[in-house]
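Since the structure comes first, as structure tokens, the remarks are kept for the end.
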Amino acid sequence: MWLTLAFTSAALLGFYDAAKKKALTGNAVLPVLLLNTLFSTLFFVPVILSTEFGLGWFDNTVLASTPGTATAHGLVILKSVIVLTSWIFGYFGMKHLPITIVGPINATRPVMVLVGAFLLFGERLNAYQWIGVVLALVSLFLLSRSSRREGVDFTHNLWILFVALSALTGAVSGLYDKYIMTRLDPVFVQSWYNLYQFLMMAVVVAVLWLPRRGRTTPFRWSWAIPLISIFLTLADFAYLYALQDPNAMISIVSMIRRGSVVVSFLCGAVVFHERNLRSKAVDLAFILVGMVFLWLGSRA
């Protein structure tokens, strides 16, 4: 069951990336992210109210939850900080780079998670998994070469650095999720971490964007903004429930979720009409083959 949930989450994440690219094109990043966290929070406000006040609105449903302790809230707040850091870097990178570049870079997160799982959870890499790691590194090298045709130099581009930092903090988030999801209810985690992220983003926007909004890219409404929240909420819901399964391996779940790059790549070609697709498709193929080897390694 956890594999089915992981694949469902991957497909939804691909559409999430496409909606994010659409919403960010020519738009102010921070208010878009604020609205994303707001809409995601609104989805779960009824759950929070029902749980905290014992109203029983969602008893015997998948949204049934229990109140959390102060320690549980502390764990969720830390998750919110990690995820929000990844999002801020990732949103700025997505705005300024083609989605057919951002997607493959993000797809290398399983490699980072594997290394983290090796160090923190004692998971060992076998020959298949090492092949997958090498193929991912080769794909990044090829992507850096093909991206130069679009004026994107991996070694001197701030937005590439932002995407890399987003991928790194995203990998940290994946490892942390594996830790907390053996201790906390997934509905409690998702509902409260959305609320905490919204509160944090409200402070960020008030301090960093509002005073300078007249001198930066203006904000404009796009119907793609609520779609970001819808796709992400559904993707995270499937993801957190997958991790609750005691047999779930974070390295495999993370790898499958990065398969979202196929959906986002197709959207880059069909919706955004991005260039240099043939060479990028070769780079993507290396990543996908690398994922297959990671999967084979998990079965060995």
> On the given criteria, is Arg124 at pLDDT 75 or above, part of a loop (DSSP other than H, G, I, E, B) and open to solvent by 60 Å² or more (accessible area, probe 1.4 Å)?
Replying inline: no
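Scan region 214-246 residue by residue and report those that are in a helix (DSSP H, G or I) and surrounded by fewer than 15 Cβ atoms within 10 Å (Cβ to Cβ).
Selection gives Gly214, Arg215.
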> Which one of these does Ser191 not meet: (1) under 22 Å from Thr108 (Cβ atoms); (2) open to solvent by less than 30 Å² (accessible area, probe 1.4 Å); (3) out of contact with any Pro (no Cβ under 6 Å at 6 or more places or on another chain)?
Replying inline: (1)
>> I need the full set of residues from region 127-168 which are closer than 19 Å to Lys21 by Cα, of a type in the set (A, V, I, L, M) and open to solvent by 50 Å² or more (accessible area, probe 1.4 Å), in order please.
In response: Leu158, Leu161, Leu165
> Among Val47, Val29, which is of a type in the set (A, V, I, L, M, F, W, C), closer than 16 Å to Leu84 by Cα and open to solvent by less than 30 Å² (accessible area, probe 1.4 Å)?
Replying inline: Val29
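Yes/no matrix, rows are residues, columns are (1) among the charged types (D, E, K, R); (2) at pLDDT below 85; (3) in contact with a Ser or Thr (Cβ under 9 Å, 6 or more places away or on another chain):
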| residue | (1), (2), (3) |
| --- | --- |
| Leu135 | no, yes, no |
| Arg145 | yes, yes, yes |
| Thr155 | no, yes, yes |
| Phe162 | no, no, no |
| Ala167 | no, no, yes |
| Ser173 | no, no, yes |
| Ile180 | no, no, no |
| Phe188 | no, no, yes |
>> So, Ala206, is that one assigned to a helix (DSSP H, G or I) and under 19 Å from the mean Cα position of the chain (by Cα) or not?
In response: no
> With Leu13, Leu35 as the choices, which residue is touching a residue at least 60 places away in the same chain (Cβ under 8 Å), part of a helix (DSSP H, G or I) and surrounded by fewer than 23 Cβ atoms within 10 Å (Cβ to Cβ)?
Replying inline: Leu35
>> Just to be sure I understand, how many residues within region 54-83 are farther than 19 Å from Gly174 by Cβ, touching a Leu at 6+ places or on another chain (Cβ under 8 Å) and either in contact (Cβ under 8 Å) with a residue 60 or more places away in the chain or surrounded by 15 or more Cβ atoms within 10 Å (Cβ to Cβ) (or both)?
In response: 2
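The values are calculated or read from the model by the stated rules, or taken from the named source; none is laboratory data. Nothing here was measured: the structure is a model prediction, and the numbers come from that model. Methodologically, a virtual Cβ is constructed for each residue, glycine included, from the backbone with ideal geometry; neighbour enumeration extends over all protein chains shown. These accessible areas exclude ligands, DNA and RNA; they are computed on the full protein's heavy atoms, side chains included. Shrake-Rupley method; radii C 1.70, N 1.55, O 1.52, S 1.80 Å.
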